[in-house]
Amino acid sequence: MRARRLDSCHVTHDATVPPAPTGAALRRGPLRVGERVQLTDPRGRLHTITLQPGGTFHTHKGWFRHEELIDQPEGVVVRTSSGIEYLALRPLLSDYVLSMPRGAAVVYPKDAGQIVTMADIYPGATVVEAGVGSGALTLSLLRAVGDGGRVHSVERRDDFAAVARGNVEAFFGGQHPAWRLHTGDLADVLPTIAEPGTVDRVVLDMLAPWENLDAVAHALAPGGVLIGYVATATQLSRLAEDVRTDGRYTEPQAWESMVRGWHLEGLAVRPQHRMIGHTGFLLTTRRLADGVVAPERRRRPAKGSYPVAGDGTPVVEDDAWTPEALGERAVSDKKVRRVRRDLGVADDA
């Protein structure tokens, strides 16, 4: 039987189109019911609304109906009853984080970007974050690991966890396949969700991250990254010293980032008077292989750099690390209940 010759130009490939990543469909196309829309007025002020049938947007300078935006393309201009124009766009991730309902303080976009980059959060990675708060950093971590990765979020407070779940599911349009949310203390939860040496990255956003260095060391794979996010220099100092004392981590590195916008108007190009200054310190270190001793630091801190006990350990009482002592504003239960009500999250979530 004569073999049939196939011309390459006539060969067709029945390739299966992979499904779109979670949430991608919500980032394009016409504006839909239930979506958040960011409105910008002529003076650059921002307003965020959720499109609803029969909904209206009111200001002291007029109003308009949500139907004027529903099924319209992104980037349209809508006019209020008094003729004021508003530009309508979907909020970017950074806009969403700063405008979403919150119970606890959020990790600012500038810090979330640093965490994703400096901790090398990559597609398919297994990441553990402790201290979920309102879910701001969770959004960036899920974006970075993709549907094929895994993000285990651990939060001590049930009400904060409920707020985070509401914000994450609202952003992605439902449950994200890579996300697992757990409540409890990290030291208790971590051994139940990850085998030793299987976690690629750990992010600690909590009052006393040094209390979990042992649990993190067991979970991290050799070369894995630990990144801590703390608010004060005293926390940063304690964390750095305890990382060094532990012996299973590389020499820690610390920094902070500040963002200053610029005024752009004709020839008047100058820095803005206001800026996003200090929000938190970031500290990174990596897990050493078992049994390896890190090279000794050549430069030691001068005597008197910090108070020490007779055995050379820093003198800081564990019970001194409270939100009030660190200058943080306590979040009232009433506020958290209101945020959960706004998100439609039941008390037993």
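The values are calculated or read from the model by the stated rules, or taken from the named source; none is laboratory data. All values derive from a computational prediction rather than experimental measurement. We place every Cβ from the backbone using ideal geometry, glycine too, and count neighbours over all the protein chains shown. Each accessible area value is taken on the protein alone, full model and side chains, heavy atoms only, with ligands, DNA and RNA left out. Shrake-Rupley method; radii C 1.70, N 1.55, O 1.52, S 1.80 Å.
Scanning region 121-133 for residues being under 14 Å from the mean Cα position of the chain (by Cα) and surrounded by fewer than 23 Cβ atoms within 10 Å (Cβ to Cβ) gives a total of 1.
Residues in region 56-76 that are in contact with a helix residue (DSSP H, G or I) (Cβ under 8 Å, 6 or more places away or on another chain) and surrounded by fewer than 15 Cβ atoms within 10 Å (Cβ to Cβ): 1 in all. When the criteria are applied in full, T12 fails the requirement of being within 23 Å of the chain's Cα centre (by Cα), open to solvent by 50 Å² or more (accessible area, probe 1.4 Å), at pLDDT below 95 and more than 27 Å from P123 (Cα to Cα). With the condition kept exactly as written, say whether any residue in region 224-235 is out of contact with any helix residue (DSSP H, G or I) (no Cβ under 6 Å at 6 or more places or on another chain), open to solvent by 30 Å² or more (accessible area, probe 1.4 Å), over 21 Å from L141 (Cα atoms) and in contact (Cβ under 8 Å) with a residue 40 or more places away in the chain. Yes; the residues of region 224-235 include at least one that is out of contact with any helix residue (DSSP H, G or I) (no Cβ under 6 Å at 6 or more places or on another chain), open to solvent by 30 Å² or more (accessible area, probe 1.4 Å), over 21 Å from L141 (Cα atoms) and in contact (Cβ under 8 Å) with a residue 40 or more places away in the chain. Taking the criterion of being closer than 30 Å to R156 by Cβ, of a type in the set (A, V, I, L, M, F, W, C) and touching a residue at least 24 places away in the same chain (Cβ under 8 Å), the residues of region 61-117 that qualify are L93, V97, M100, A104, A105, V106, V107, A112, I115, V116.
On the given criteria, is E251 out of contact with any Lys or Arg (no Cβ under 9 Å at 6 or more places or on another chain), surrounded by fewer than 16 Cβ atoms within 10 Å (Cβ to Cβ) and among the charged types (D, E, K, R)? Against the criterion (out of contact with any Lys or Arg (no Cβ under 9 Å at 6 or more places or on another chain), surrounded by fewer than 16 Cβ atoms within 10 Å (Cβ to Cβ) and among the charged types (D, E, K, R)), E251 does not qualify.
Restricted to region 208-254, and to residues there that are within 18 Å of A119 (Cα to Cα) and of a type in the set (D, E, K, R), the residue that is farthest from the chain's Cα centre (by Cα) is R248. Annotation: of all residues in region 254-274 being out of contact with any Gly (no Cβ under 6 Å at 6 or more places or on another chain) and within 29 Å of L226 (Cβ to Cβ), the one that is least open to solvent (accessible area, probe 1.4 Å) is S257.
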